[in-house]
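To start, the structure under review is shown below, and the notes come after it.
The values are calculated or read from the model by the stated rules, or taken from the named source; none is laboratory data. All values reported here derive from a predicted model rather than from experimental measurement. Neighbour counts are summed over all protein chains in view; Cβ atoms, including those assigned to glycine, are modelled from backbone coordinates with ideal geometry. Accessible surface is based on the protein model in full, side chains and every heavy atom, while ligands, DNA and RNA are left aside. Shrake-Rupley method; radii C 1.70, N 1.55, O 1.52, S 1.80 Å.
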Amino acid sequence: MAVATASVLAVAGCSSSGDGKNKGGESRGNPGVTKEERQRADAEARERAKDEAAMKDAALRYEKARVANDVRTMCSLMTPNKRGGDGSPDACAQRLKNLADEKPEPGITVSVEGIPVDVSPIGEHPQGSGLMVKETAVEGARTSVRREALRMVKTDGAWLVDQKMNVRDEDMSAGSPVRNALMRSSE
């Protein structure tokens, strides 16, 4: 029995000449997209990246302040809802005063893991973006890791923490550990 093998190589739209544009100013690689549309999309992507960086920075500053027992900074990075009471940073700092008196644990580092995820409103928490923050403590040869999910809400142009939940082991096996933790009822 004879076996016939046929190979077909199809090459479409490949050219090494020209500037990648046709006469209408459209990109050959993406027909129908004008230079202006591409520039607008690039500008929007840059703005989203800046916004994400600002969100991650606020989450990291909040978590570092929490680890250092710096209640003034912590409270300044919370939404009025998270601050409780009258919602003011001063009242929040007064309420958390006992933390400020505690000595911070040495050898703890914090980092933001992954990318933000959209989180739906739940209870008193509005729609926001969720981030995972990892806290690593090193004591001698022993290392421990703790993860928290933060609900970040943009208020008056600033990213603030509205909710903080521990990320449990069972959350880590979920499709989105951050979303899973933030959609649980409060602990």
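Just give me the residues in the stretch 54-103 being touching a strand residue (DSSP E or B) at 6+ places or on another chain (Cβ under 8 Å), of a type in the set (Ser, Thr, Tyr) and either at positive phi or not in a helix (DSSP H, G or I) (or both), in sequence order.
Hit for the stretch 54-103 is Thr79, nothing else.
Which of the residues spanning the stretch 128-153 are free of Cβ contacts under 8 Å to residues at least 12 places away in the same chain, of a type outside the set (A, V, I, L, M) and at negative phi?
First, the residues of the stretch 128-153 that are free of Cβ contacts under 8 Å to residues at least 12 places away in the same chain: 140-145.
Restricting the remaining residues to those that are of a type outside the set (A, V, I, L, M) gives 140, 142-144.
If the condition is that a residue be free of Cβ contacts under 8 Å to residues at least 12 places away in the same chain, of a type outside the set (A, V, I, L, M) and at negative phi, then Arg142, Thr143, Ser144 are the ones that fit.
When you check Val161 against the structure, is it within 17 Å of Arg66 (Cβ to Cβ) and assigned to a strand (DSSP E or B), yes or no?
Details: within 17 Å of Arg66 (Cβ to Cβ): yes; assigned to a strand (DSSP E or B): yes.
Yes, satisfied.
State all residues of the stretch 115-130 that are hydroxyl-bearing (Ser, Thr, Tyr) and assigned to a strand (DSSP E or B); if no residue qualifies, say none.
Ser129
Can we say Glu135 is open to solvent by 80 Å² or more (accessible area, probe 1.4 Å) and of a type outside the set (Lys, Arg)? Walk me through it before giving the result.
Working: open to solvent by 80 Å² or more (accessible area, probe 1.4 Å): no; of a type outside the set (Lys, Arg): yes.
Criteria not met by Glu135.
Of the residues Pro177, Pro116, only one is under 14 Å from the mean Cα position of the chain (by Cα), open to solvent by less than 40 Å² (accessible area, probe 1.4 Å) and touching a residue at least 60 places away in the same chain (Cβ under 8 Å); which? Walk me through it before giving the result.
Values: Pro177 fails: touching a residue at least 60 places away in the same chain (Cβ under 8 Å).
Exactly one of Pro177, Pro116 is under 14 Å from the mean Cα position of the chain (by Cα), open to solvent by less than 40 Å² (accessible area, probe 1.4 Å) and touching a residue at least 60 places away in the same chain (Cβ under 8 Å), namely Pro116.
Residues to consider are Gly157, Gly84, Gly123; find the one that is small (Gly, Ala, Ser) and either surrounded by 15 or more Cβ atoms within 10 Å (Cβ to Cβ) or touching a Lys or Arg at 6+ places or on another chain (Cβ under 8 Å) (or both).
Details: Gly157 fails: either surrounded by 15 or more Cβ atoms within 10 Å (Cβ to Cβ) or touching a Lys or Arg at 6+ places or on another chain (Cβ under 8 Å) (or both); Gly123 fails: either surrounded by 15 or more Cβ atoms within 10 Å (Cβ to Cβ) or touching a Lys or Arg at 6+ places or on another chain (Cβ under 8 Å) (or both).
Only one candidate qualifies: Gly84.
Within the stretch 164-174, track down each residue that is in a loop (DSSP other than H, G, I, E, B), open to solvent by less than 70 Å² (accessible area, probe 1.4 Å) and free of Cβ contacts under 8 Å to residues at least 24 places away in the same chain.
Ala174
Of the numbered conditions (1) exposed (fewer than 13 other Cβ atoms within 10 Å of the Cβ); (2) more than 24 Å from the chain's Cα centre (by Cα), Ala93 fails exactly one; give the number of that condition.
Going through the list (1) exposed (fewer than 13 other Cβ atoms within 10 Å of the Cβ); (2) more than 24 Å from the chain's Cα centre (by Cα), Ala93 breaks only (1).
Mind checking which residues of the stretch 129-153 are in contact with a helix residue (DSSP H, G or I) (Cβ under 8 Å, 6 or more places away or on another chain) and not acidic (Asp, Glu)? Can you show your working first?
Restricting attention to the stretch 129-153, the residues satisfying the condition of being in contact with a helix residue (DSSP H, G or I) (Cβ under 8 Å, 6 or more places away or on another chain) are 129-133, 135, 147-152.
Within the stretch 129-153, Ser129, Gly130, Leu131, Met132, Val133, Arg147, Ala149, Leu150, Arg151, Met152 meet the criteria.
Residues of the stretch 58-75 being under 19 Å from the mean Cα position of the chain (by Cα) and without any contact (Cβ under 8 Å) to a residue 40 or more places away in the chain, which ones?
Arg61, Ala65, Arg66, Met74, listed by residue number.
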